[in-house]
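Asker: Before we start, here is the structure in question, set down as structure tokens.
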């Protein structure tokens, strides 16, 4: 199946500011204390000049999935995802690999603020960048879900190298499934994505696939800022 690509403006992204507030502390958007609301308002007015949100996915139908070996074999590429990811993908009939980015501008804006000594503003902008790319990927995930429902398929949660004991070095294999610099995202030799505010991974598709509202207990990354907060 052909690769699907989506582009978004900041207006296309529905930012859940309750999530942002909870990452700051025990707050909601309504109870978030100053100066945070004013800084957020200012940055959201500025950020449209900096963001370049783009993402897409490729659906793979020919693959072999081994629960015993905890791997996925695609055209000679062996993805060693670990038992946690395999467990959730075991009923997959198709796999949608994805890459999405908010662009390099948000990180540049954050660094500009920090260089001016505006550390709180820089920190908030950096966090907004993380939320923006995740929400953009939520949009793509929902589009995929609706598309697959027309074929009576369900979709799984998103699973990424670097999480759930899936080694981040396998980003190189994942990126090889896409054209070079897909959506403007590249990898370092250490498998880190550039721009920084980017995400990648795989989604399972199948008639017996299930979406799990909360899967954080199955993930080993206790530092994920979306732990126990991500919903589709």
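Asker: What order, most packed first, do the peptides 127-133, 151-157 have when packing is the mean number of other Cβ atoms within 10 Å of each residue?
Answerer: 127-133, 151-157
Asker: Please compute, over every Cα-Cα pair in the range 1-102, the percentage with a separation greater than 18 angstrom.
Answerer: Numbers: 3368 of 5151 pairs.
Above the 18 Å cut-off, the range 1-102 has 65 percent of its Cα pairs.
Asker: Now for a different question. Fewest first, what order do 58, 108 take by the number of other Cβ atoms within 10 Å?
Answerer: So the ranking, lowest neighbour count to highest, is 108, 58.
Asker: For the range 4-218, state the average projected area of the convex hull of the C-alpha atoms over all orientations, rounded to one decimal in nm².
Answerer: Mean shadow area of the hull around the Cα atoms is 12.8 nm².
Asker: Another question about this same structure. Over the chain, what is the mean sequence separation of C-alpha contacts under 8 Å (at least six apart), divided by residue count, expressed as relative contact order in percent?
Answerer: 24
Asker: Here is a further query. Work out how far the C-alpha atoms of the range 97-205 reach from end to end along every principal axis, then list the three figures in whole Å, largest first.
Answerer: Reported extents, whole Å, longest axis first: 53, 29, 26.
Asker: How big is the C-alpha Rg of the range 151-196 next to the rule-of-thumb value 2.2 N^0.38 Å, as a ratio?
Answerer: Normalised Rg, Cα atoms only: 1.34.
All of the numbers you see were taken from the coordinates with simple rules; none came from a lab. All of these numbers come straight from a predicted model, not from anything done at the bench. Note that we place each Cβ from the backbone using ideal geometry, even for glycine, and neighbour counts take in every protein chain shown.
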